[in-house]
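Take a look at the structure set out below.
The values are calculated or read from the model by the stated rules, or taken from the named source; none is laboratory data. Note that the coordinates shown come from a computational prediction; the quantities given were computed from them, not determined experimentally. We place every Cβ from the backbone using ideal geometry, glycine too, and count neighbours over all the protein chains shown.
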Amino acid sequence: MAETKHTEITVADDLVMSRIYVIRGQKVILDRDLASLYGVETRVLKQAVRRNIDRFPEDFMFEVSEDELNSMVSQFVIPDKKMFGGAKPFAFTEQGVAMLSSVLNSKQAIYINIQIMRVFTRIRQMLTDNTELRLEIAEIKHAVDKIGKKQNGQDKNIELIFEYIDRLQEKAELPTYKGVTVVSGFEVKKQRED
């Protein structure tokens, strides 16, 4: 029996992650970046997709609009629209990338696809972890708000007490000593009667 050699082609996860963009609220990789990762020309990838267009519904792959391209350029996501050679790029979602492995029949495409799927999975996990963290932060904020409202209520009660004290002091008849009003906290000296 002949022994088959299994050599995986790998690309740094950071490189894959840097090629994932958010367009139309979906995480996607552009055709040009996928072609580069797979080691094929962009036109070859696009031809394979067009020959199998039924495998790529809108939620798997879509053509990037002119406005979306302009937005990507203005946000410095891509340096210039010219990098696409005048053609609008295809954007592939995670499912679209998975479908590409059935369309492209190279070993490199298969191995790179597996790696891309793992990166998408890691991103999804990071978002899930981030969501859990956000929920915990929201709980803490809610607890602090609750304490703040209690404190605010206590502050209002203290203000009310001081207001009552002020009213009582105004109503109370202050003692006088030979025409001089005695104020507590001060020493009032007798006046000489001349």
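Assorted remarks:
- Subset of region 86-134 that is of a type in the set (Phe, Trp, Tyr) and assigned to a helix (DSSP H, G or I) - its residue that is modelled with the lowest pLDDT: TYR111
- Criterion violated by ASP67 - all others in (1) surrounded by 12 or more Cβ atoms within 10 Å (Cβ to Cβ); (2) modelled with pLDDT of 80 or more; (3) farther than 19 Å from ILE20 by Cβ satisfied: (1)
- Candidate set: region 25-59, residues that are within 15 Å of GLN95 (Cα to Cα) and among the basic types (Lys, Arg); chosen: the one surrounded by the most Cβ atoms within 10 Å (Cβ to Cβ): LYS27
- A search for C-beta distances below 6 Å between a residue of region 34-52 that is within 15 Å of SER102 (Cβ to Cβ) and any residue that is of a type in the set (A, V, I, L, M, F, W, C) and outside any loop (DSSP other than H, G, I, E, B), counting only pairs 6+ apart in sequence or on different chains, returns TYR38/ALA109; TYR38/ILE112; LEU45/ALA35; ALA48/VAL103; ASN52/VAL103.
Condition check ((1) at positive phi; (2) touching a residue at least 12 places away in the same chain (Cβ under 8 Å); (3) surrounded by 13 or more Cβ atoms within 10 Å (Cβ to Cβ); (4) not polar (S, T, N, Q)) across all residues:
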{"residue": "ILE110", "(1), (2), (3), (4)": "no, no, yes, yes"}
{"residue": "ILE116", "(1), (2), (3), (4)": "no, yes, yes, yes"}
{"residue": "VAL119", "(1), (2), (3), (4)": "no, yes, yes, yes"}
{"residue": "ARG124", "(1), (2), (3), (4)": "no, no, no, yes"}
{"residue": "ASP129", "(1), (2), (3), (4)": "no, no, no, yes"}
{"residue": "GLU132", "(1), (2), (3), (4)": "no, no, no, yes"}
{"residue": "ALA138", "(1), (2), (3), (4)": "no, no, no, yes"}
{"residue": "LYS141", "(1), (2), (3), (4)": "no, no, no, yes"}
{"residue": "LYS146", "(1), (2), (3), (4)": "no, no, no, yes"}
